[in-house]
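Notes to accompany the following structure.
Each reported figure results from applying straightforward, stated rules to the coordinates on display, with no laboratory input. The structure displayed is predicted, hence computed values, not measured ones. Positions of Cβ are backbone-derived with ideal geometry, glycine not excepted, and every protein chain shown enters the neighbour counts.
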Amino acid sequence: MSSETLRYALVMLLAGVGIPLLAALNSRLGMRIGAPFAAASVLFVVAFVVATVVMAISGQGRALAALPSQPWYLFLGGLFVAFYVLSVTVVAPRFGVGNAVFCVLLGQMISAAAIDQFGLFGAVVRHITLTRAIGLGAMAAGLALIQLG
């Protein structure tokens with residue numbers, strides 16, 4: 001495995017660590033202030049400020065001029081992020097952070113497999129093999145076991 005692949009894997013591992021932390025912290029904030037949608041809004045303000053600072057530091061601000069010429073569906077990512085944050089902020093305190101995140105993870109794996117299978121949105125085609133299908137099945141079985149426990 002190349003050092004570049006290891007760096008990418010580490011960054012994504014850290015991003016994965018952040019998902020349950022985000023769920024736990026934001027759902028707790030929503031409970032403490034009695035307003036989960038307000039907590040989600042605060043999260044987005046903080047995220048916007050951080051992303052804007054990183055964009056400015058990296059010198060990529062000029063790229064915003066190309067936004068009007070992009071296909072509308074490429075902006076749906078923001079809708080999906082909002083849905084995730086709003087849903088996890090409301091659901092996690094009632095369902096449990098672990099249960100919520102495991103369901104999210106299963107959904108991510110199913111969606112990622114479909115995107116790879118068909119090369120959606122310009123992704124590299126990576127067909128669902130028997131091994132990958134067994135892995136998805138094992139994850140679903142693991143989710144069921146966690147729910148029982």
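Sort 105-118, 70-83 by packing, meaning the average of other beta carbons within 10 Å per residue, with the highest value first.
Descending packing order for the listed peptides: 105-118, 70-83.
Starting from 0.36 nm per residue, how many nanometres of slack lie between R62 and Q147 once their C-alpha separation is accounted for?
Fully extending the segment from R62 to Q147 adds 25.9 nm.
Report relative contact order for the range 1-93 in percent, whole number only (criteria: Cα-Cα under 8 Å, sequence separation at least 6).
Numbers: 40 pairs, mean separation 40.4, N = 93.
Computed value for the range 1-93: 43 percent relative contact order.
Among H127, L25, F44, whose Cα sits farthest toward the positive end of the charge dipole of the chain (+1 at Cβ of Lys/Arg, -1 at Cβ of Asp/Glu, about the Cα centre)?
Value: L25.
In debye to the nearest 20, how big a dipole does the chain give about its Cα centre with +1 on each Lys and Arg Cβ and -1 on each Asp and Glu Cβ?
The dipole of the chain has a size of about 180 debye.
Could you pull the Cα extents of the range 96-149 along its three principal axes, largest to smallest, in whole Å?
Principal extents (largest minus smallest coordinate, Cα): 38, 22, 8 Å.
Which of L21, L136, L67 moves most in a GNM of the chain, Cα contacts under 10 Å?
Answer for the Gaussian network model of the chain: L67.
HN-Hα J couplings of the range 13-18 from phi, Karplus 6.51/-1.76/1.60, θ = phi - 60°, integer Hz, Gly and Pro as x?
4, 5, 4, x, 4, x
Okay, which of the range 123-149 sit inside 17 Å, backbone N to the point 7 Å along the Cα-Cβ direction of F80?
123-126
How far, in nm, would the chain grow between M139 and N99 when pulled straight, counting 0.36 nm per residue and subtracting the alpha carbon separation? Spell out each step's value before the answer.
Working: separation 40, 0.36 × 40 = 14.40 nm, distance 1.29 nm.
Fully extending the segment from M139 to N99 adds 13.1 nm.
Over every pair of different alpha-carbon atoms in the chain, take the mean of 1/r and invert it; report that Kirkwood radius in Å.
Details: mean 1/r = 0.0557 Å⁻¹.
Kirkwood hydrodynamic radius for the chain: 18.0 Å.
So between I128 and V53, what do we pick up on full extension, going 0.36 nm a residue minus the alpha carbon distance?
Roughly 23.1 nm would be gained on extension.
At 222 nm, what helix-only mean residue ellipticity would the chain give, in deg cm²/dmol to the nearest 500, using -39500 (n - 2.57) for each DSSP H run of four or more?
Working: 5 runs with 115 residues, N = 149.
It lands at -27000 deg cm²/dmol.
Taking the dipole about the Cα centre of the chain, with the C-beta of Lys and Arg at +1 and of Asp and Glu at -1, give me whichever of A65, I110, L145 is farthest to the positive side.
About the Cα centre, the residue reaching furthest to the positive side is L145.
Just to verify a number: FRET efficiency for F44 and A15, C-beta to C-beta distance, R0 = 25 Å, to 0.05?
0.90
Could you give me the ³J(HN,Hα) list for the range 103-116, computed from phi with Karplus coefficients 6.51, -1.76, 1.60 and θ = phi - 60°, whole Hz, x at Gly and Pro?
Result, rounded to whole Hz: 5, 4, 4, 4, x, 5, 5, 5, 5, 4, 5, 5, 4, 5.
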